[in-house]
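What follows is calculated from the coordinates using simple rules that are stated; it is not laboratory data. Model, not experiment: these values are computed from the prediction. Here the Cβ is made from the backbone with ideal geometry for all residues, glycine too, and neighbour counts use every protein chain on show.
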Amino acid sequence: KQWYQRRVAITAGGGAQCEGDSMETQNCNEQACTAEACEHSGIPISINCGEELINIKHAAYGVYSNENTCGLSYGGDCISETSLQAMKERCDGKNSCAVEALNSIFGDPCSEVYKYLTATWECHSG
């Protein structure tokens, strides 16, 4: 499985791309894509499968690796137990979705620590 990166425009309302929209890097291979969103960034993980449907394979909200694009480090693991369920509820079976890294969605597994959200998904025909 060879991974490649793609830059995806993120629109605030999920509509057409506008001048000044933020960009997100997604890492993909033939079977799946993965992306990361930082807490308090205002930039969601934005998934668009076009005519196909989203299938969330993995999700984690918290801090569990010092290798992340948010520049966060933490001396232990803190992961929300509802990460996968919350992502699936918001994205599975849809053509597109956008989910921010927020305590209000995933709970707060480690208070007073900045967290991030990672997700891996596949696009498949109905």
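One compactness figure for segment 42-126 is 1.11, namely its Cα radius of gyration divided by 2.2 N^0.38 Å.
Can you give the net charge of the other residues whose Cβ lies under 12 Å from the Cβ of CYS97, counting K and R as +1 and D and E as -1?
Working: positive: LYS88, ARG90, LYS94; negative: GLU89, ASP92, GLU100.
Once all neighbours under 12 Å are counted, the net charge is 0.
The gain in end-to-end length when the ASN55 to THR82 segment is fully stretched comes to 8.1 nm, 0.36 nm per residue minus the alpha carbon separation. For the pair GLU122 and SER41, the difference between a 0.36 nm per residue extended length and the Cα-Cα distance amounts to 26.7 nm. Between TYR64 and LYS94, the contour length at 0.36 nm per residue exceeds the alpha carbon distance by 8.0 nm.
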